[in-house]
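Have a look at the structure below, then the notes.
Values in this text are rule-based calculations from the coordinates and carry no lab data. Bear in mind the structure is a predicted one, so any value in this text is a computation, not a measurement. All Cβ positions, glycine included, derive from the backbone under ideal geometry; neighbour counts span all protein chains shown.
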Amino acid sequence: VGGFECKCPAGFVGPRCEGDINECLSNPCSNPGTQDCVQLVNDYHCNCKPGYMGRHCDAKVNFCANSPCQNGGICSANQGGHVCLCSIGFFGKNCEYSGYACESNPCQNGGYCRTSEIGDYVCDCPSGLSGTNCETDTLNECLRNPCKHPEARCIDKPGDFLCYCPRQWTG
């Protein structure tokens, strides 16, 4: 007597419709491209793995669809993006630079420049050096005490060293 009954809208339960149904429990985000399901109020959201899109992560992203490769470069899509195979005379991620990648001598400290398979450059660094352009000295040559005089001061240089001799000494 005097009671009431609520007719709940879709997605809600309980005597006063206070409970939100967890839509993720029905596993709506089950495609291989799905990372996880996020419960929302009366809804859900599928978080997609890299390379997938759509409400249920069922559409593969075509990273070559907008033709990112310039100057006649050929696009190859992979899971996380794309790679451009550049025409001769072009280089860069999207073949946006003309000339030859090694023309500007980008390798420092005696590094050898060679053109990579995608038309960009790669530096082959001498021992003790690393980095894109061989700019990082990874070995302190002074640690092995290369200076012959005990009072000489050793200065580490990229891939090399200098000895500063005391007065009256040379070498």
Amide H contacts under 5 Å for Cys95, placed H, 5+ residues apart: Gln70
Alpha-carbon centroids, segment 109-171 and segment 80-100: separation in whole Å: 32
Highest-fluctuation residue, Pro15, Pro50, Pro68 considered, GNM on the chain with Cα pairs under 10 Å: Pro15
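What GluC sites (Glu not before Pro) does segment 49-146 have in DSSP loop regions with at most 10 other beta carbons within 10 Å? Please report the intermediate quantities before stating the final value.
Details: sites: Glu96, Glu103, Glu117, Glu135, Glu141; in loops: Glu96, Glu103, Glu117, Glu135.
Here the sparse-neighbourhood loop sites are Glu117.
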Likely footprinting exposure, Val122, Val13, fewest C-beta neighbours within 10 Å first: Val13, Val122
Top positive-direction residue, dipole computed over segment 123-171 with Cβ charges, set Tyr164, Asn133, Leu143: Tyr164
Lysine pair number, Cα distance threshold 27 Å (strictly under), segment 29-171, separation 8 or more or different chains: 4
Under 5 Å, built H, 5+ apart or other chain: amide partners of Ala59: Met53
Dipole-positive endmost among Cys84, Ser116, Cys102 within segment 74-137 (Cβ charges, Cα centre): Cys84
Calculated Cα Rg over 2.2 N^0.38 Å (choose from [x] 2.01; [y] 1.05; [z] 1.32), label: [x]
Free-standing Cys, the chain [no other Cys Cβ under 4.7 Å]: Cys6, Cys165
